[in-house]
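To start, the structure under review is shown below, and the notes come after it.
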Amino acid sequence: MFATAATTAAVGVLSGCSQQSEDTTPQPTVVDSDSATDILNTYTSQDFDLTQTGNWTIPLGSVLHEGEGTWLPVTQAGSSASPMVKGCAFSTSSGNLSEVVSKTIGTSTAEVIYDVRCSDSVYAWVELNYLTYDWTLYASAFSEGALTGTATTLWSASSDYDPPSFACTGSTVIWQVMPSTSGSKTSESSYCYLWKLGDSNAKSVVESPGRFATAPVVSGDTVTLTPRVRSSEGVYYGVTAYSLSNDLASIEDQLVLPQTVKPFRAVRIGDQFVTSIEASYSSGGLLSGMGTYIGTSSGDFLSLSREPFAGVAGKDGKYVIKVRASYFVVDTTQSTYSVLSASNRCIDYGEYPARVGQTDTFVTFATVKDETTGYPASVTVRAFTL
């Protein structure tokens, strides 16, 4: 079933979230810049040893997005101006690419499919009006590469709010609504919402007195968000792992970054936070420098001093960290690292991950050039066992 064949139903929103009390927020973690274990200087380099379990070719213009299950969300360029973009899903089991949302529910000719996410049970997508920048978030039950239920309207907003960053896990959709930096609502708080298939209401679960720094990331039994904290004292971001089992009602762990330091990506894998900083700040010690940091508020960190380009995936002390055109595969139990090179003939930015957070299988995708013409010709998807 395609989305345009379904009727839409809107959900209500149950309030109830509250801003984290400053009394319960940890102090910012400021440690000496030389206190971390530098992976490239102290770990032993070894040959790449991950087992490749899949290699597929899909059409040019396909972009994979982060997903947890057998089916991964994909946006694909349309064959004409209408639709400009289609919502698809890629199976890491069969290698099949299925068209899921063929065109928009919105009837305006300016409506486009802007972004998609899915699990093996639910598919969510954002439609954006590229003239007004109004947007709507939809979701539907999903199975075996197709929608299996009625599309539900989860949220609609004007250009005063950015299109949402969102994630799907199991039968749940989690999304953030943040005021645009250039609209008329810039002084408003941001909120994270949670909705499950079949519910008539979404829950408002986390409030940030300002914009969240990163998108929600599901990893194991937690969801990592980065709300503003300690707002009366200045600009601080709290890398925070919320429990998925009770709909983000409790905090499992939190790492408060030094003042003004804004994370690029953040996730909790096992009992460690993996925080990527894409700029260097003038103060704040270790966590104010560009790089990727593995650790907690205890102050014992591992660092990779390379510019980060995406979120990090991993399992059982092993982490896959993207830099410009390749990946570092870091094994903290063996104190080793290796390099996963990008696919042959891929374009300049290399490969990007379609898995972030705790996972058994790491998946990448890259646009590759034709061997004879040198022009981009297709997309290569690869899978590796961690």
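The values are calculated or read from the model by the stated rules, or taken from the named source; none is laboratory data. Keep in mind that what you see is a predicted model, and the values were worked out from it rather than measured. Heads up, the Cβs are rebuilt from the backbone with ideal geometry, glycines too, and the neighbour counts pull from every protein chain shown. For accessibility, only protein heavy atoms count, side chains too; no ligands or nucleic acids. Shrake-Rupley method; radii C 1.70, N 1.55, O 1.52, S 1.80 Å.
Accessible surface ranking for GLU188, GLU278, 1.4 angstrom probe, highest first: GLU278, GLU188. At the residue level, ASP34 shows approximately 130 square angstrom of accessible surface with a 1.4 angstrom probe and all protein chains present. Could you work out the percent of alpha carbon pairs in the stretch 71-199 separated by over 24 Å, rounded to a whole number? That fraction is 28 percent.
With the convex hull drawn over the C-alpha atoms of the stretch 303-386, the volume per residue is 84 Å³. Residues TYR337, TYR114, TYR281, TYR123, ordered by accessible area of protein heavy atoms at a 1.4 angstrom probe radius and largest first, appear as TYR114, TYR281, TYR337, TYR123. Relative to its residue count, the stretch 6-163 spans a Cα convex hull of 214 Å³ per residue.
In angstrom, the C-alpha Rg and Dmax of the chain are 20.6, 63. Straight-distance candidates among the lysines for linking to LYS262, with alpha-carbon spacing under 30 Å and chain neighbours fewer than 8 residues away dropped: LYS185, LYS203, LYS315, LYS318, LYS322. Its alpha carbons give the stretch 23-103 an Rg and a Dmax of 21.3, 55 Å. Dipole of the chain computed with +1 at Lys/Arg Cβ and -1 at Asp/Glu Cβ about the Cα centre; of THR332, THR181, ILE105, farthest Cα towards the positive end is ILE105.
Calculated accessible area for the chain comes out at 41 Å² per residue, all protein chains present (probe 1.4 Å; ligands, DNA, RNA ignored). The alpha carbon convex hull volume per residue for the stretch 233-386 rounds to 135 Å³. Between ASN129, ASN201, ASN41, the Gaussian network model of the chain with springs among Cα atoms under 10 angstrom shows the greatest mean-square fluctuation at ASN41.
Computed over the chain with a Gaussian network model linking Cα atoms closer than 10 Å, the most mobile of ARG211, ARG345, ARG355 is ARG345. Three principal axis extents of the stretch 78-117 based on alpha-carbon atoms, in descending order, are 36, 20, 12 Å. Secondary-structure-derived ellipticity at 222 nm for the chain, considering helices only, amounts to 0 deg cm²/dmol, per-run term -39500 (n - 2.57) for DSSP H runs with n ≥ 4. Among SER82, SER343, SER190, the largest mean-square fluctuation in a Gaussian network model of the chain, built with springs joining Cα atoms closer than 10 Å, belongs to SER82.
Of the residues TYR352, TYR375, TYR130, ranked by 1.4 Å probe accessible area with the largest first, the sequence reads TYR375, TYR130, TYR352. Cross-link partners of LYS103 among aspartates and glutamates, defined as those whose alpha carbon lies under 12 angstrom from its own and excluding same-chain residues fewer than eight positions apart: GLU111, GLU127. Placing unit charges on each Cβ (+1 for Lys and Arg, -1 for Asp and Glu) gives the stretch 60-123 a dipole about its Cα centre, and among MET84, VAL116, ASN96 the Cα reaching farthest toward its positive end belongs to MET84. Normalised Debye scattering of the stretch 201-263 at q = 0.14 Å⁻¹ gives log10 I(q)/I(0) of -0.38, counting only Cα atoms as equal scatterers and leaving out solvent. Each label point was placed 7 Å from the Cα along the Cα-to-Cβ direction; for ARG345 and LEU60 their separation is 1.1 nm. Taking every protein chain into account, the 1.4 Å probe leaves MET84 with about 90 Å² of accessible area, to the nearest ten. A Förster distance of 41 Å, applied to the separation of the beta-carbon atoms of THR260 and THR373, puts the FRET efficiency at 0.30.
The value for the stretch 214-306 of Rg(Cα) / (2.2 N^0.38 Å) is 1.03.
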